[in-house]
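Only one structure is covered here, and it is reproduced in the block below.
The values are calculated or read from the model by the stated rules, or taken from the named source; none is laboratory data. In this text the structure is predicted, and so the values were computed from the model without any measurement. Virtual Cβ from ideal backbone geometry, glycine too; neighbours counted across all protein chains shown. Note: accessible area is taken over every heavy atom of the protein model, side chains too, but ligands, DNA and RNA are not part of it. Shrake-Rupley method; radii C 1.70, N 1.55, O 1.52, S 1.80 Å.
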Amino acid sequence: MWYAQNSARRTHQLAGDAGVLLWTALWAAAAVMAYRLACLLALPRALQEHGAPIPLVGGRIDTAVRRVAGAVDAMDPVAVRTAVAVGAVALFVVPVGLVLVVWLPRRVRWVRQAGAARDLAATDDGRDLLALRSLLRPLDEVAATASEIPDATPGSLAWGWRHGDPEILDALAGAELERLGLEPPPREDGPAEVVEHQVELIGPAGPIDEPSADARPVG
């Protein structure tokens, strides 16, 4: 599970993932452009043959560029291209890596928590554990959960969890699933409903014999 079941949470996750992809694409394009421009500067012969000033730049910038090109002319071409390639890679890796360090652990942590919570919610013991996890939240979140239950307080939630109140357990587990953007799984029929269903299916084996009018007590 990579995205939440709740539409608002899922939209937020999609927007974040799209932002990371767009950020990566922009810095990839910037790295490619920087590499190509650096390769042009690494060819001083083209600048020497082009005697006119470089268009769209001032005289100082034109002079500085020509000095850089002249200095590069004295260097090993292989070393120059290697340095240019390393610089372009660094231009891509540094900003993208900083974003991934912040974004990727959070996404992976949510995926792990959501998968574990979904599996726990399918069992009664897991529901109790989710309810306990909800009780361990900050007090303001516990109070918000209690406000959704009529005549409930944070203290009564703890009492209900301790005594196994089904309504309290469902409310606490549902609050924890909602925090993760998940929906509660459908509950199966409880034992009482199953027993009632079985009783309805079991009928008498045959007609009940009524006492005969001619029957007389013996003795």
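How many residues are more than 20 Å from the chain's Cα centre (by Cα) and under 18 Å from GLY181 (Cα atoms) when one looks only at segment 107-131?
5
Quick one: how many residues across segment 2-27 are of a type outside the set (A, V, I, L, M) and more than 17 Å from GLY181 (Cβ to Cβ)?
So the answer is 4.
For segment 177-200, indicate whether the set of residues that are at pLDDT 90 or above, open to solvent by less than 100 Å² (accessible area, probe 1.4 Å), within 12 Å of ARG127 (Cβ to Cβ) and touching a helix residue (DSSP H, G or I) at 6+ places or on another chain (Cβ under 9 Å) is non-empty.
Yes, segment 177-200 contains a residue that is at pLDDT 90 or above, open to solvent by less than 100 Å² (accessible area, probe 1.4 Å), within 12 Å of ARG127 (Cβ to Cβ) and touching a helix residue (DSSP H, G or I) at 6+ places or on another chain (Cβ under 9 Å).
Hey, among the residues in segment 142-156 that are within 24 Å of the chain's Cα centre (by Cα) and closer than 13 Å to GLY174 by Cβ, which one's surrounded by the fewest Cβ atoms within 10 Å (Cβ to Cβ)?
ALA144
Taking segment 5-31 only, how many residues are under 12 Å from the mean Cα position of the chain (by Cα) and part of a helix (DSSP H, G or I)?
Qualifying residue count for the region: 9.
Quick one: PRO207 ticks every box in (1) modelled with pLDDT under 90; (2) open to solvent by less than 80 Å² (accessible area, probe 1.4 Å) except a single one, so which number is it?
Of the numbered conditions (1) modelled with pLDDT under 90; (2) open to solvent by less than 80 Å² (accessible area, probe 1.4 Å), the odd one out for PRO207 is (2).
Scanning segment 27-39 for residues that are more than 12 Å from VAL89 (Cα to Cα) and exposed (fewer than 13 other Cβ atoms within 10 Å of the Cβ), which turns out modelled with the lowest pLDDT?
Filtering first and then ranking leaves LEU37.
Identify, please: which residue in segment 116-136 is without any contact (Cβ under 8 Å) to a residue 24 or more places away in the chain and among the charged types (D, E, K, R) and is, among those, nearest to ALA4 (Cα to Cα)?
That would be ASP119.
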